[in-house]
Amino acid sequence: MNQEKPKYGWYVKNLIITLLIFGILGISVFLFGLFSEGLLKFILVPIGIIIMVVCLWPGIGMTILNLTLGESFDVDKEMAAINELQSPQILDIGCGTGRTAIKIAKSLKNGGHLTGIDIYSRLAIGGNALQTVEHNAELENIAEKTTFQYGEATKIPFESEKFDIVNMSSVLHEIHNPDDQQKVLNEIYRVLKSNGVFYISEWNRNSWQLIAMMGIFSFVFKPKEYWLKLLESHGFAIENYNLKQGFGIFSVRKN
Ligand SMILES: C[S@@+](CC[C@H](N)C(=O)[O-])C[C@H]1O[C@@H](n2cnc3c(N)ncnc32)[C@H](O)[C@@H]1O
């Protein structure tokens, strides 16, 4: 029997395709320059090298990243609070196609429910859509434990103190405006119950693994200290920070 598999899609798929196309162009320019003579060689070889460094390197790095995404992510280890509670109410902000949200829902041992919200940007993930995440949840047999809907992180569509746990994996760096980042943190604080836990995962710009993988694109991300300051300024108590292969997970608590 041919069983259908969930489709989680590639992060920044269109960007990767563009980078790889330019990367191949860079190789061609470099090789053409190498076999040319005189001034043409002098001009084309460095141009080819620059295009390869700027495009091919991150293009290949992001491809590898997508192929290995989430492999080493263990919910029980990284998000221990989830199974310390009875029937936890969990909110996953920026759930996308459900790569992390569905892992969390599958790990629930004491009942509970996961609600996922997103604006479903196709620039962020290929095939990103509400129907995709709902279908993935059905294929993974956790549809009853989950609800997915449209929702903007700066204006979370739920009442105050509804959730025991809020998770946000690789989302806040996509909200570039600092005022909007403040709004998101205020909203998360509002919807969390007192003593609730907030998990936030972000790539760490200062990690060599990220630089090795993304080249100059690693500067799109912020260092750990940036997120730390933001979280502390919103009254969250920092409990843990775990950095693995350039991906850092903060575990913080609402006081
Ligand atoms: C890199 S993906 C991560 C998806 C998912 N958390 C995961 O672990 O696979 C970032 C997600 O954040 C969503 N997003 C970006 N800005 C958002 C916003 N203002 N409100 C809600 N979701 C947002 C995008 O649509 C995308 O699905």
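Does any residue of the range 222-231 turn out to be within 14 Å of the chain's Cα centre (by Cα) and either within 23 Å of Thr100 (Cα to Cα) or at pLDDT below 95 (or both)? Write out each step before concluding.
Filtering the range 222-231 for residues within 14 Å of the chain's Cα centre (by Cα) gives 222.
Right, trim to either within 23 Å of Thr100 (Cα to Cα) or at pLDDT below 95 (or both) and you get 222.
Yes - at least one qualifying residue is present in the range 222-231.
Here is a list: Asn186, Asn255, Asn206, Asn242. Which entry is polar (S, T, N, Q) and at pLDDT 95 or above?
Matching residue, one of Asn186, Asn255, Asn206, Asn242: Asn186.
Exactly one condition in (1) within 10 Å of the ligand (Cβ to nearest atom); (2) of a type in the set (A, V, I, L, M, F, W, C); (3) under 30 Å from Ile16 (Cβ atoms) is false for Met214; which is it?
Answer for Met214: the failing condition is (1).
Just the residues that are closer than 12 Å to Pro58 by Cα and not in a loop (DSSP other than H, G, I, E, B), please, taken from the range 1-20. First the steps, then the outcome.
At the first step, the residues of the range 1-20 found to be closer than 12 Å to Pro58 by Cα are 12, 15-20.
Answer for the range 1-20, where residues must be closer than 12 Å to Pro58 by Cα and not in a loop (DSSP other than H, G, I, E, B): Leu15, Ile16, Ile17, Thr18, Leu19, Leu20.
The values are calculated or read from the model by the stated rules, or taken from the named source; none is laboratory data. The shown structure was predicted, so the numbers you read here are calculated from the model rather than taken from an experiment. Cβ coordinates were reconstructed from backbone atoms using ideal geometry, including for glycine residues, and neighbour counts include every protein chain displayed.
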